[in-house]
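Sharing a structure, written as structure tokens. Questions coming.
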Amino acid sequence: MQKTEQQNKGSLASSKLGLGGVAIGNGFDVNPDIECIRAMEAAWNLGIRYFDTSPFYGAGISERRMGLTLKDKDPEEFFISSKIGRIFHPNKGQEMGKGIWKGKFNFDYIYDYSAAGARKSIEDSLQRLGLSSMDFVFIHDLSPDNGDMKEDWVTYFDKAAKGAMPELSKMREEGLIKGWGFGVNTLEPILKAIDVADPDIFLSACQYSLIKHEDALEKLFPKVAERDISLVMGAPLDAGFLAGKDRYLYRGNFPDGVLEKREALRQVAKNHQVDLRTAALQFVAAPDVVSWVIPGAHTEQQVEENVASFSTKIPEAFWAELKQEKLIAAHAPVPNW
């Protein structure tokens, strides 16, 4: 993780802004190649230097699109992370068929958290990206919220503990990767991994936002701080919910209370003439344990909006009212840039 000095260039806020690769992999919609490539170029030109992707994001489409921009850049100037856990094989005409992925991909997958599976997945990702090494690798979707696993996630975890985890540590020693951890939407696998292995960094999605953050504050942040482990925060807008999309996280249904809380947040934002989307991004970036925040984007405009959100000053009175109204935890860190 030697390149952390890069984060000191520019403001604290802008140095924490990365780009997530879900939309670039046709998450939620089929997005044109040229549109996604221009978004990547805009991100680079505006100073974004952390990029997160996965072979699962469009069965390799996200990695290929990101690689078209990054393969010709100096690898010392950016950070790239991808994920393991699924091995893809050709399947003519295959559509993802479920979840958020749209379009025809001609590949299907099996879960594989073995040592050999971890190495093959990374080598395949590097080929799609056009790179010879990777900064961070996340063990992906090994979590109780994964509908393919549910209560069996612990069985998969045990397989990864004997296979993928020691192999990732070995690849770290070899220099093929610089660090590894978990990329999941729940806290349990992260906390368990800290207890049984030597991870460097985690991608925690869906667990820290203006809507939901108390568990991460109480359970996750103290533990990673104690071990000096970095955090990348995914889904800072709850997969578009805090930007006004008609979905919460990666589902179409809304848990009890989230619509009402969004409306209450909107009212406080209106009181202080604050853009709620901007406030949501800055809130997730505020904790010291957070190294990067990775909102998604697939257009130049979306990238520009993300960058602008990190250079906007939000009045202290806005955060004070959120705490007074108990819309955020009293001890939640708030931006001070």
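The values are calculated or read from the model by the stated rules, or taken from the named source; none is laboratory data. A quick note: this is a predicted structure, and the numbers were derived from the prediction, not measured. Note that each Cβ is placed from the backbone with ideal geometry, even for glycine, and that neighbours are counted across all protein chains shown.
To keep it simple, each residue is scored yes or no on (1) touching a strand residue (DSSP E or B) at 6+ places or on another chain (Cβ under 6 Å); (2) charged (D, E, K, R); (3) at pLDDT below 95; (4) farther than 12 Å from V303 by Cα.
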| site | (1), (2), (3), (4) |
| --- | --- |
| G18 | yes, no, no, no |
| G27 | no, no, yes, yes |
| E41 | no, yes, no, no |
| W44 | no, no, no, no |
| D52 | yes, yes, no, yes |
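Would you confirm whether or not the range 65-87 contains a residue that is surrounded by 14 or more Cβ atoms within 10 Å (Cβ to Cβ), among the hydrophobic types (A, V, I, L, M, F, W, C) and modelled with pLDDT under 95?
no
Related question: Among K102, K92, which is among the charged types (D, E, K, R) and without any contact (Cβ under 8 Å) to a residue 40 or more places away in the chain?
Going through K102, K92 in turn, just one is among the charged types (D, E, K, R) and without any contact (Cβ under 8 Å) to a residue 40 or more places away in the chain: K92.
Assuming V137 fulfils every condition listed in (1) of a type in the set (A, V, I, L, M); (2) part of a strand (DSSP E or B); (3) more than 17 Å from the chain's Cα centre (by Cα) apart from one, which condition is it?
(3)
Please pick out the residue among K170, K178, K192, K120 that is over 30 Å from D74 (Cβ atoms), outside any loop (DSSP other than H, G, I, E, B) and modelled with pLDDT of 95 or more.
Matching residue, one of K170, K178, K192, K120: K192.
Also: Only one of (1) among the hydrophobic types (A, V, I, L, M, F, W, C); (2) buried (at least 16 other Cβ atoms within 10 Å of the Cβ); (3) assigned to a strand (DSSP E or B) fails for I110. Which number is that?
(2)
Kindly indicate the residue of the range 248-275 that is in contact (Cβ under 8 Å) with a residue 40 or more places away in the chain and either of a type in the set (K, R) or assigned to a helix (DSSP H, G or I) (or both) and also surrounded by the fewest Cβ atoms within 10 Å (Cβ to Cβ) among those meeting that condition.
Ranking the candidates gives N271 first.
I've got another one for you. I'd like the residue in the range 116-159 that is touching a residue at least 60 places away in the same chain (Cβ under 8 Å) and touching a strand residue (DSSP E or B) at 6+ places or on another chain (Cβ under 6 Å) and, out of all such residues, is farthest from D195 (Cα to Cα).
In this case the residue turns out to be S125.
Let me ask you something else. W292: touching a strand residue (DSSP E or B) at 6+ places or on another chain (Cβ under 6 Å) and either surrounded by 16 or more Cβ atoms within 10 Å (Cβ to Cβ) or assigned to a helix (DSSP H, G or I) (or both), yes or no?
The answer is yes for W292.
Filter the range 211-220 down to the residues that are assigned to a loop (DSSP other than H, G, I, E, B) and in contact (Cβ under 8 Å) with a residue 60 or more places away in the chain and list them by number.
Listed by number, the list holds a single entry, H213.
Still on this structure: Cβ-Cβ distance below 6 Å, separation of 6 or more or different chains: which pairs start in the range 1-28 with a residue that is under 19 Å from L46 (Cβ atoms) and in a helix (DSSP H, G or I) and end on one that is modelled with pLDDT under 50 and among the polar types (S, T, N, Q)?
Final answer for the pair search is S15/Q7.
From the list T299, T312, which one is modelled with pLDDT of 95 or more and among the hydroxyl-bearing types (S, T, Y)?
Only one candidate qualifies: T299.
Here is a list of conditions, (1) loosely packed, with under 15 Cβ neighbours inside 10 Å; (2) under 15 Å from the mean Cα position of the chain (by Cα), and A285 meets all of them except one; can you say which number that is?
Tallying (1) loosely packed, with under 15 Cβ neighbours inside 10 Å; (2) under 15 Å from the mean Cα position of the chain (by Cα), A285 fails exactly one: (1).
Would you check which residues across the range 195-210 are out of contact with any Asp or Glu (no Cβ under 6 Å at 6 or more places or on another chain) and assigned to a loop (DSSP other than H, G, I, E, B) and list them?
Matches in the range 195-210: A197, D198, P199, D200, C206, Q207, Y208, L210.
I'd like the residue in the range 29-50 that is touching a Phe, Trp or Tyr at 6+ places or on another chain (Cβ under 8 Å) and in contact (Cβ under 8 Å) with a residue 60 or more places away in the chain and, out of all such residues, is farthest from S133 (Cα to Cα).
Within the range 29-50, the match that is farthest from S133 (Cα to Cα) is A43.
Answer yes or no as to whether S82 is in a strand (DSSP E or B) and either over 29 Å from W44 (Cβ atoms) or not aliphatic (A, V, I, L, M) (or both).
For S82, the condition - in a strand (DSSP E or B) and either over 29 Å from W44 (Cβ atoms) or not aliphatic (A, V, I, L, M) (or both) - is met.
Hey, among I61, I87, I24, I80, which residue is among the hydrophobic types (A, V, I, L, M, F, W, C) and in contact with a His (Cβ under 7 Å, 6 or more places away or on another chain)?
I24
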